[in-house]
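Quick notes on the structure that follows.
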Amino acid sequence: MAVDAGADALGFIFVENTPRFLTPEQAAPIIRRLPPFVTPVGVFWDHPAGHVKAVIEACGLRAVQFHGDEKPEDCQGYSVPVIKTIKLPPASTIDGLPEYRVAARFGAFLYRKVVAAYLLDSQARWSEGEGREPLEWRGIRLMAQVQPRDAQLPIVLSGGLTPDNVATAVDIVRPFAVDVNSGVEARPGKKDPQQVRRFIEAAKRT
């Protein structure tokens, strides 16, 4: 359904004890059926490198997202591109926060030589499956512009995106891609086909 709706990549969450967890044995048959230009992405959270590599091989993943506290050295040595999550506060907590403190949270420059892209996400842990508040998009755009040239990697925007706000987010941030999960669900772990279609249409139209 997501492929038919126009998704360019599908995330497979290998994080145990979360509403969307699936095993490599469940993911592999789905990935084998994907069209050649739809990218299967494995999502991991502080997993050992050996485990991640075994899942890449077993499932045929073509990229991985690291959402935990992985250090730059933990993102090296993989056969597929690595996307590292940088966690930022939601928009409602930004007011009154000195600009240097906001910038300090944007630790992407530490990973600039070892990852293929940054994924900007909310600090709120998504393992419980609930929806989350959006990030402060204008601040993200500003931070991206002031990054050193050698740190300007593609940005994947996530965190609180929905079919109703993704067009505005794309227009402001101009990210390489957007990532959605709870924002298109009927309940935690269960996608709503209509919301998926609306989200992808709005993102691509913008």
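The values are calculated or read from the model by the stated rules, or taken from the named source; none is laboratory data. Just so it is clear, the structure is predicted and the values come from calculations on it, not from any experiment. Methodologically, a virtual Cβ is constructed for each residue, glycine included, from the backbone with ideal geometry; neighbour enumeration extends over all protein chains shown.
For Gly183, the conditions (1) part of a helix (DSSP H, G or I); (2) under 14 Å from the mean Cα position of the chain (by Cα); (3) at pLDDT below 90 all hold with the exception of (3). Test Ile140 against the criterion of being β-branched (Val, Ile, Thr), modelled with pLDDT of 55 or more and within 20 Å of Glu70 (Cα to Cα), and give yes or no. Considered against the rule, which asks whether it is β-branched (Val, Ile, Thr), modelled with pLDDT of 55 or more and within 20 Å of Glu70 (Cα to Cα), Ile140 comes out as no.
Assess whether Asp46 counts as being closer than 23 Å to Ala203 by Cα and loosely packed, with under 14 Cβ neighbours inside 10 Å.
No; evaluated as a whole, the condition is false for this residue.
Given the structure, is Asp8 of a type in the set (D, E, K, R), under 20 Å from Val156 (Cα atoms), surrounded by fewer than 17 Cβ atoms within 10 Å (Cβ to Cβ) and modelled with pLDDT of 95 or more? It is true that Asp8 is of a type in the set (D, E, K, R), under 20 Å from Val156 (Cα atoms), surrounded by fewer than 17 Cβ atoms within 10 Å (Cβ to Cβ) and modelled with pLDDT of 95 or more.
Candidates Val170, Val196: the one that is assigned to a helix (DSSP H, G or I), within 18 Å of Gly11 (Cα to Cα) and among the aliphatic types (A, V, I, L, M) is Val196.
Pairing each residue of the range 180-206 that is in contact (Cβ under 8 Å) with a residue 40 or more places away in the chain with any residue that is of a type in the set (A, V, I, L, M) and part of a loop (DSSP other than H, G, I, E, B), provided the two are 6+ apart or on different chains, yields C-beta distances under 8 Å for Gly183/Leu161; Lys191/Met1; Pro193/Met1; Val196/Met1; Val196/Ala7; Ile200/Ala7.
Of all residues in the range 1-49, exactly one satisfies the criterion of being in contact with a Lys or Arg (Cβ under 9 Å, 6 or more places away or on another chain) and among the hydroxyl-bearing types (Ser, Thr, Tyr), namely Thr39.
Taking the criterion of being surrounded by fewer than 16 Cβ atoms within 10 Å (Cβ to Cβ) and either among the polar types (S, T, N, Q) or closer than 21 Å to Val184 by Cα (or both), the residues of the range 23-33 that qualify are Thr23, Gln26, Ile30.
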